[in-house]
2 protein chains.
Amino acid sequence: MAAENEKSRLDDAARAGWLYFIAGHTQDEIAKMLQVSRASAQRLVSLCLAERLITFRLEHPIAACMELAARLKERFDLAHCEVVPADPAAPQATAGIAERCANLLDATLRSETPVIVALGTGRAVRAAVERVTPIDRPNHQIVSLVGNISADGSASFYDTVGRLADRTGARHYPMPLPFLMSSEDERNKMVRIEPIAKVKAIAAKADMRLVGIGQMDQKAQVHVDGFVTRDELFEMMRLGAIGEITGWAYDAKGRLLKAGTNKRLTSIPPDVPAKTSTIGAAVGTAKVPAIAAALNGRLINGLITDEATARAILER
Amino acid sequence: MAAENEKSRLDDAARAGWLYFIAGHTQDEIAKMLQVSRASAQRLVSLCLAERLITFRLEHPIAACMELAARLKERFDLAHCEVVPADPAAPQATAGIAERCANLLDATLRSETPVIVALGTGRAVRAAVERVTPIDRPNHQIVSLVGNISADGSASFYDTVGRLADRTGARHYPMPLPFLMSSEDERNKMVRIEPIAKVKAIAAKADMRLVGIGQMDQKAQVHVDGFVTRDELFEMMRLGAIGEITGWAYDAKGRLLKAGTNKRLTSIPPDVPAKTSTIGAAVGTAKVPAIAAALNGRLINGLITDEATARAILER
DNA sequence: GCCCCCGGTGAGCTATTGCCCATCGTTTGG
DNA sequence: CCAAACGATGGGCAATAGCTCACCGGGGGC
């Protein structure tokens, strides 16, 4: 008897679900049709959902992305995660994620109350600031997490902080330092000087950090851009470096290395685990180990990537 | 540009749909996530539905039934239609539809304001009244559409009206007449006599009619039950009879025949097209042509049947 | 046999949703 | 280049849905 009632109840639940989701009736109408109170109709619809009698199928490339983002968020306990559809024409294209990063910056900067945004390295970050919608927010602050003088002493390679400040009217704080100093002592000396300490203090209060993630292999961006020499890169790789964020190299478990270039690096060191909103932006198969390590080591608590990369991270 | 905006809008719609139906967020939350007003989030969810980006799938036998019922309702412009799952163990079983008919009767009889229910022939109708939940409604009226004296002059074959009245305390009006009279003249004379005219007048005001549908073939119920002879049956078949409702034979287009037993029949003739609620109840492959004809001829405006029969009717 | 517990029920309150409308930006035609 | 027309937007309101609560009735344990 119990089984029969159960079955009949599920039948009714299915009926209610059909009438609600497929036929598009209101629960009131369904209640009248099935001769029950509206409350019961609502329960039947709930039951239909709870028992998974009805399933939703979203036939759209976005669906897979949402699914991947949800899984990444869950797996790595992220505060924020976005996965954009992979562009089959250009698998490494940063266009997609740059757009999302820009959107995120837009959202953050739209705030009327003053916010502090910190920017790291990375092509996606550079592309993102270019796409930010101009808006007048003179009370915001934009701060750089990395030195903007390259190894050869030349001018800033790419002034993300300045560009973003242009678009918002915000005060901006580039870090007038070389990427690497010549020794640990010198680095320690430099980061204590007044203007740098001030930048550091502001960065520490940042409401949002947007950083790129670099892999530490022969094509490492820090080397390609001329910030570290081939020898320095190889040394870090020997020491176990698998990725870097704002130049800070970390190993496969996401632990910051305490040797090599990390000792001479002027960049503001990341919080471990990441505080407030620290969003990593990166795409590409080559970056998968670096991204995964950063996630595991909690160097970041947010991620913006593409479908292919997201899938690869989850399948590791 | 237009195409790109369009695409991006659909992407957002898909995102919104995913967040709403799959992740279970409210539209307010989605609005915040997508950085739009709640109204826009609502529009995106609507769009997702309208564009059929999302589909609902109900994995339950009931789903097919609901679908068939909706199609029958649409195709034949029915006021009411129910399709019950076919019982594979007993394809002709009336149990399923009887339960639904009983439910319908329950619903009608539950009314506090007086209602008039008219009953026709059919096993499903008989079974239905047996399943009606007892309820005290002395002001209701139950009226028979057919004579309850069989050809051999014996007592009522099965007193549906009386049974239903027992269960409700309603006044009941059986029709104290033989099913067939010996001639057209005699029939016309009988139906004018006071008690019969009164039954007829009540029946004309019925709020709901529940009738069986019989096929006119060698296994016709009217013959099996002994109401018409083999010769009479064959004559009607020659005249084109394909089905009958309360004994009234009709052809493949649902037109009442004006000859044969129809001229001697005492049953109250059906309204064409059916007025108020006239529900046919029938299952079985053999009855498909009869049911389809009744639907096409608008002899009924409601149908209760099973899945297999519904499918067969729609596939004709 | 009696009582407790569980699952179900409907009332009623609040959150959520759907939709209308005034407004505004954008596009198209003159 | 302007104006009209169209479409999208967000506020606001009425309808709808979700949920909590107190209550009821049946089934099993003591």
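None of the figures in this text is laboratory data; all of them are computed from the coordinates on show. Because the structure is a prediction, the values reported are computed rather than measured. For neighbour counting, all protein chains shown are included, and Cβ atoms are generated from backbone atoms with ideal geometry for every residue, glycine included.
Take each residue in A:21-29, count the other chain C-beta atoms within 10 Å of its C-beta, and the mean is 2.
Across identical copies of the chain, B:Arg316 has label-point separations of 6.6 nm, listed in ascending order, with the point defined 7 angstrom from Cα along Cα→Cβ. If a spin label sat at a point 7 angstrom from the Cα of B:Arg192 along the line to its beta carbon, the backbone N atoms of the range B:249-272 nearer than 18 Å would be those of B:263-269. If you take the Cα centroid of the range B:227-304 and the Cα centroid of the range A:184-217, the two points sit 90 Å apart.
The Cβ shell under 12 Å around B:Leu119 holds other residues with a net charge of +2, Lys and Arg each +1, Asp and Glu each -1. Ascending distances from the B:Pro269 label point to its copies in the other chains, with the point 7 Å along the Cα-to-beta-carbon line: 10.1 nm. Taking every Cα-Cα distance in chain A and sorting them into 10 Å bins starting at zero, the pair-distance distribution P(r) comes out as 6, 24, 27, 17, 10, 8, 6, 2, 0 percent. With the convex hull drawn around the C-alpha atoms of the protein assembly as shown, the volume per residue stands at 198 Å³.
Counting Cβ atoms of other protein chains within 10 Å of each residue's Cβ and taking the mean over peptide B:50-63 gives 6. Rounded to the nearest angstrom and listed largest first, the equivalent-ellipsoid semi-axes of the range A:2-50 from its Cα gyration tensor are 17, 11, 9. Phi-derived couplings, Karplus 6.51 cos²θ - 1.76 cosθ + 1.60 at θ = phi - 60°, listed residue by residue for the range A:239-247: 6, x, 5, 10, x, 8, 10, 6, x Hz, with x used for Gly and Pro. Sorted from nearest, the other copies put their B:Arg255 label points 9.4 nm away, the label point being 7 Å from Cα in the direction of Cβ. Comparing B:Ser111, B:Ser37, B:Ser277 in a Gaussian network model of chain B (Cα springs below 10 Å), the most mobile by mean-square fluctuation is B:Ser37.
With 0.36 nm allotted per residue and the present C-alpha distance subtracted, the B:Arg75-B:Ala252 stretch has 62.0 nm of extension available. Fewest neighbouring Cβ atoms within 10 Å first, the residues B:Met237, A:Met208 line up as B:Met237, A:Met208. In the Gaussian network model of chain A, springs joining C-alpha atoms below 10 Å, which of A:Ile279, A:Ile242, A:Ile193 carries the largest mean-square fluctuation? Comparing A:Ile279, A:Ile242, A:Ile193 in the GNM, the peak value goes to A:Ile193. Taking 0.36 nm per residue of separation and subtracting the current Cα-Cα distance, fully stretching the chain between A:Ala39 and A:Asn139 would add 30.9 nm. Note on chain A: with a GNM built from Cα contacts shorter than 10 Å, the maximum mean-square fluctuation among A:Thr266, A:Thr121, A:Thr113 falls on A:Thr113. The helix-based estimate of mean residue ellipticity at 222 nm for chain A, built from -39,500 (n - 2.57) per DSSP H run of four or more residues and divided by its residue count, is -12500 deg cm²/dmol to the nearest 500.
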